[in-house]
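Below: the structure, in structure tokens.
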Amino acid sequence: MSDNWNDLPKISIDKFEDSDLGIGITSLSEENNSDSNDSKYISVDIDKPDKNKTNKIVLFFAIVFFLVTIPIFYHNIRDYIQMYMMPTVKRDIEVKTTKLQYSDLYDKSEVTGLISAESSVDIVARVDGYLQNAYFKEGDFIKQGQLLFTIEPKEYEISVRAAEAEVDHANALYTNSIQELNRAKELVKENFISRSDYDSIVATANSSRASLDAARQSLERAKLNLSYTRIYSPMTGKAGKINMSNGNYVGLQSGPLVNIAKMNPVCVDFSMKSSDVLKMKRGENSNLDIATAKVEILLSDDTKYDMIGKIIFSDNMVSTQAASLSLRAVFQNHDNILIPGDYVRVIITSKEPRHKLVVPQAITHGDSLNGYYLWTVKDGKTHKNRITVNGNDGNNWIVESGISDSEDVISYSSRYIDVENMPVVVKNSMTE
């Protein structure tokens, strides 16, 4: 052991603490008196974290987790616990029942229809010539017999005068031939002319008469062509767009000059599926005539037209491509609201109703894939009735078979019913 204190090593103690982590570190180091800057660590002691504090944090989160999940878990298995885990607690299943009722149902079908004029005509030029004038405006309401167009008539006036001249010429020849024939009749009696000469005179008279008839027919045709230069409306209706303006050369090949359409009444053309037609024909007390169906239309703004239509035509065969029957209904159109060419929704309602049993969809179980059924009460126990439905009427199913209006149908139960022959107590029997 050295007697010189300066020769002894110097020891330093460093301590590090972190209160948040609960960790403490203590270090000891030896310092040399030499010129070296090196320090040598003798030992290191690491304090352990505070386990009590960590456990409190874990416990806190565990309590929060259980407080949140336990009510949710219990809510999901509550019915199961009551039904299967607590058999010793017997509670009566309380139910309410209802009687099903019959309803008068009208078959309806909604399809797309096209408005068309009851009658429509394309005005065309029947003779060739330059269009001289139009005596109406586009969109005007036209009366039958009203003058619409004129075609330059001079050429046809000349033809009439020429035909009249031909008639005069033929008439003169015919008159002369008749005079010759009268003289020949007297001469042949006295044998002043031969029989063959007489026959020639008769033939000339007959030929002159035929020529006169032909000239007269030509005159009639010339007058008719002249009349075609003035074009009149053959019906009362509304004029469409004028396709030819004044000065154009028109004729039979020019196409329509304008279209006149009758606006009141108008027709609506539509098609119905053959199955829908049969439904309407099979209504109770029906006379099997689709023409008796009620026809209404919805306009393009979804408003209902205030006039009821009548079916005036049904095709004699069903379309093989669409399996549908073409029909036509007529509607009065006093206010000219219905415009030909516009599309509408057509609602067809059967004249006679079908007397059918209906059941609220809210008390019906099952689905369209697996079938529908109802729970009924018989002798104080549940019974499953499988039913056949055929469409719906609002929120009610239309029942074809499987149940009658005398059975007690469960409309409410205090507990879930999933098996037959479960004892139940009817608390309030009512009829909807």
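The numbers here are math on the coordinates, done by the rules we state, and not lab data. On a predicted model such as this, the values are computed, not experimentally measured, just so you know. A quick note on method: Cβ atoms are made from the backbone with ideal geometry, for glycine too, and the neighbour counts reach across all protein chains shown.
Find how many whole Å separate the alpha carbon centroid of the range 135-212 from the alpha carbon centroid of the range 326-403. Distance between centres, Cα-based: 77 Å. Here, P(r) means the percent of Cα pairs in each 5 Å bin from 0 to the largest distance; for the range 112-156 it is 5, 14, 23, 21, 14, 11, 6, 4, 2, 1, 0.
Which of the GluC sites (Glu not before Pro) found in the range 149-243 are loop residues per DSSP with 14 or fewer other Cβ atoms within 10 Å of their Cβ?
Values: sites: GLU155, GLU157, GLU164, GLU166, GLU180, GLU186, GLU190, GLU220; in loops: GLU190.
Here the GluC sites (Glu not before Pro) that fit, given the DSSP loop and packing criteria, are GLU190.
Taking only the Cα atoms of the range 261-354, the ratio Rg/Rh comes out at 0.98, with Rh defined as the Kirkwood radius. Distance between the modelled labels on ASN370 and GLU180, one decimal in nanometres: 11.1 nm (7 Å Cα→Cβ projection).
If R0 is 41 Å, the Cβ-Cβ spacing of THR69 and ARG386 corresponds to a FRET efficiency of close to 0.50. For the residue pairs LYS99/LYS427; LYS96/LYS378; LYS356/LYS427; LYS108/LYS262; LYS143/LYS223; LYS143/LYS241, alpha carbon separations beyond 23 Å are given by LYS356/LYS427; LYS108/LYS262; LYS143/LYS223. Packing, as the average of other Cβ atoms within 10 Å across residues, places the peptides 414-421, 271-278, 379-386 in the order 271-278, 379-386, 414-421, highest first.
Spin-label pair ALA162-GLN332: with each label point 7 Å from Cα along the Cα-Cβ axis, the two points sit 5.6 nm from one another.
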